[in-house]
1. Mind listing the long-range amide H neighbours of A:LEU166? Cut-off is under 5 Å, sequence gap 5 or more, other chains count too, H placed in the peptide plane at 1.01 Å from N.
2. Taking the Cα atoms only, what angle lies between the long axis of helix A:301-310 and the longest principal axis of chain A, rounded to 10 degrees?
3. Do any residues of the stretch A:54-70 show a loss of at least 20 square angstrom of accessible area between the isolated chain and the full protein assembly, using a 1.4 Å probe, and if so which?
4. Average partner chain C-beta neighbours within 10 Å, per residue of A:72-80?
5. For a quick size check, give me the Cα extents of the stretch B:166-211 along its three principal axes, largest first, whole Å.
6. Roughly what % antiparallel, to the nearest 5, for the DSSP beta bridges in the protein assembly as shown?
7. So what is the 222 nm mean residue ellipticity for chain A from helices alone, if each DSSP H run of at least 4 adds -39500 (n - 2.57) and you divide by all residues, rounding to the nearest 500 deg cm²/dmol?
8. Once neighbouring chains are kept in place and the probe is 1.4 Å, which whole percent of the accessible area of the stretch A:111-167 is contributed by carbon and sulfur?
Amino acid sequence: MIEVRDVRKTFTVRSGRLRRRRTMVRAVDGVSFTVREGEFVGYLGSNGAGKSTTIKMLTGILTPTSGSVRVAGLDPARRRTALARRIGVVFGQRTTLWWDLPLRDSLTLIRHLYRVDPVEHRRRLEELTELLDLGPFLGTPVRQLSLGQRMRGDLAAALLHAPPLLVLDEPTIGLDVVSKATVRGFLERLNAEHGTTILLTTHDLGDIERLCRRVMIIDRGRLAYDGDLERLRTSVAADRMLVVDLARPAPPVQLDGIGVERVDGPRQWLRVPRGMNAAAVVAALARRYEIADIALREPDIEEVVTRLYRTSGAFGAE
Amino acid sequence: MAWNAPRRRLASRGVSVYPWVAAYSFRRHAAYPLGAFAEAITNTVFGFVRAWIVLALWDARPGLGGYTAADAVAFCFITQAMIGPVQIFGGLELTQRIRSGEVAVDLHRPVDLQGWWLADDLGRAAGTLALRGVPPMAAGLWAFDLTLPGPAGWAAFAAAMLLAVVTGFALRYLVALTAFWLHDDRGMQAVSLIMSMFFSGMVLPLVVFPGALGEIARMLPWAALIQMPADVFLGRCSGAELWSVYAFQAFWAAVLLAAGRALTAAARRRLVIHGG
């Protein structure tokens, strides 16, 4: 569905008032990946890492400086219009809807834009209205919608022409917990029931954990990781955390190979390096201290990613 | 699953989207009558100011530029009525969309960027015509003795107006696109405002410009926006002359639209979307 081969995009940035300096910025610097039909892939990166630039090259808005891109069998930069009919795009921070028009009218305009058969349109609109709960605000001008409602409207707008590929650029940005859950639930069903391939760009790691089996991480214009979410956790070797409640407050515990991260009264946070047997640590601890309670926490994705960024030299970022 | 099945049928069905864009734009611009009314009042007041000035001028120099006093006053009011539809003061929403990065959405749509905005602008012009065009004209008719066209004259004028709107759009589209390169568009807007006010005939009819200045001014594209449709309105062009007016307008519309297309392609090649 998506084939990206050694793609680069450089921008020239001018700075200085009198003496104009021109610096080349490599927004995307040699990225390659493939996304197969039906996959749900998370595309992760910090601000300025090159996420949005990649998305804009995939949708044909930007032309790559070098390398090749194929999306749904087309070269996006050359066949932008044809491609737009085969993919759906949601830019979380922007809207495709018309500010002054009721949502329903925006969706009608989109029907004409993509030349969707009226009968098909009605059927899909009904389904999307139900799945995204658009009913209560179909007649409301877009400028009066809440952010969560607008995002649901934008999702409907991107899907009315039934594209086999949906590209999402930070669709949950700024949404509250309930709206996020609605959007995530919808995307999950779309992928599972309609087989829509989804590429999800975000820096909300909750989105990734809930939705994506595969994750790609971009850092400073290069792919720092591409693979299983689970394998990421282990390969980055993020430590597990043992949270121990001692019977009474004590100075930081002393165990070989174990660092104490934090002490708060009787509770202590112990960092258990990956590869060390947690059961053995607990046993050793129990021999020397009286323990009231104990919990072992797997590293969460945020920690994994932070660690990945910190050590991304190891992934060839520079 | 059923979604993807009948997609082959989709591409061939349905009418073009452009008329719909124009229709919705018309609705949008007709949606705020109060704001338009305020602008119409302003246009009308300035019509009176200009009318009194030209009356004083034509009193001292009767027949100046081949206009009678009634022609000159009619010129003031018809051009005041054209301010809204032709949007002679410049500006296109596209400029703000480029500055904010919203243009990414426009560029993703499976349509031609220039065609989309032209359709939008035609809808806007039509929506503005009734709300901003009629009041100055009606007030002028009530207060002064004006030269007015007959039915055929109105039809000829309508065609010239349509060409003026398209030419005006082509110019404003070019100015808007410069926002891709110039991060502050105010300088460009100011220059284009001065040029279009002066060379369109909005400040003074181009017929009174003397010598070479007049010759040049009457050949520039801005003449197609105000002076030419106004001359058609005053019945100063008939037969072959009328067709040469249309040809002049169509020529500039085509040249400027083509330049807009070239600039759009160039912008696409070196595009930076603002705001991530």
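The values are calculated or read from the model by the stated rules, or taken from the named source; none is laboratory data. Just so you know, these numbers come straight off a predicted model, no measurement behind them. Here the Cβ positions follow ideal geometry from the backbone for every residue, glycine too, while neighbour counts run over all protein chains shown. Keep in mind that these areas ignore ligands, DNA and RNA; they rest on the heavy atoms of the full protein, side chains included. Shrake-Rupley method; radii C 1.70, N 1.55, O 1.52, S 1.80 Å.
1. A:GLY88, A:THR197, A:ILE198, A:LEU199
2. That works out to roughly 90 degrees.
3. A:LYS56, A:ILE61, A:LEU62, A:THR63
4. On the way: counts 0, 0, 0, 0, 0, 2, 0, 0, 5.
Per-residue shielding by partner chains comes out at 1.
5. Per principal axis, max minus min of the Cα coordinates gives 38, 22, 16 Å.
6. On the way: 42 of 61 bridges.
If we restrict to bridges inside the protein assembly as shown, about 70 percent are antiparallel.
7. Values: 10 runs with 105 residues, N = 318.
My calculation for chain A gives -10000 deg cm²/dmol from helical runs alone.
8. Details: 930 of 1980 Å².
Exposed carbon and sulfur together represent 47 percent of the surface.
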